[in-house]
1. Quick check: anything in the stretch 5-17 assigned to a helix (DSSP H, G or I) and farther than 19 Å from V60 by Cβ?
2. For the stretch 24-39, indicate whether the set of residues that are assigned to a helix (DSSP H, G or I) and within 14 Å of F98 (Cα to Cα) is non-empty.
3. Just checking, which of A47, A62 is of a type in the set (G, A, S), over 20 Å from Y93 (Cα atoms), surrounded by 15 or more Cβ atoms within 10 Å (Cβ to Cβ) and without any contact (Cβ under 8 Å) to a residue 24 or more places away in the chain?
4. Tell me the residue from A8, A14, A95, A89 that is under 15 Å from the mean Cα position of the chain (by Cα) and free of Cβ contacts under 8 Å to residues at least 12 places away in the same chain, please.
Amino acid sequence: MPWYVYLAAFFTGAFAANGVPHVTQGICGNRFQTPFATPRGVGESSAIVNVVWGWFNWVVVAALVHWVWPTEFPAPLALCIPAAVGALAMGLYLANHFGKVRSTAPHP
């Protein structure tokens with residue numbers, strides 16, 4: 001497979017992992033950090049903005065899966081590995097970033 005398929009698999013995992021906390025916090029009615037808040041990535045956005053942002057992340061996942069991944073199901077293990085690494089990388093980044101932000105900034 002071409003190199004860009006593996007890169008797309010990595011970003012599929014990253015976008016999928018990023019959508020989870022936003023949708024979860026939004027559905028729970030909590031404010032949470034988004035790129036649209038001030039200051040960016042530190043300020044908190046409304047629950048509605050978080051649900052929409054999380055949903056947008058999952059739309060990107062669906063687009064990547066539809067346009068880049070092979071049509072056979074299940075996906076080959078060679079693509080599941082970079083997707084899992086992407087999800088892990090994004091999860092670790094978000095845990096580190098939001099752990100710092102939420103321990104210092106006021107939040108619900």
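Laboratory data are not the source of any read-out in this text; all were calculated from the coordinates shown. Just so we're clear, the structure is a prediction, and the values are computed from it rather than from any experiment. Because the Cβ atoms are built from the backbone with ideal geometry, glycine has one as well, and the counts that use them run over all protein chains shown.
1. No, the conditions are met nowhere in the stretch 5-17.
2. yes
3. A47
4. Just a single option satisfies the conditions, and that option is A95.
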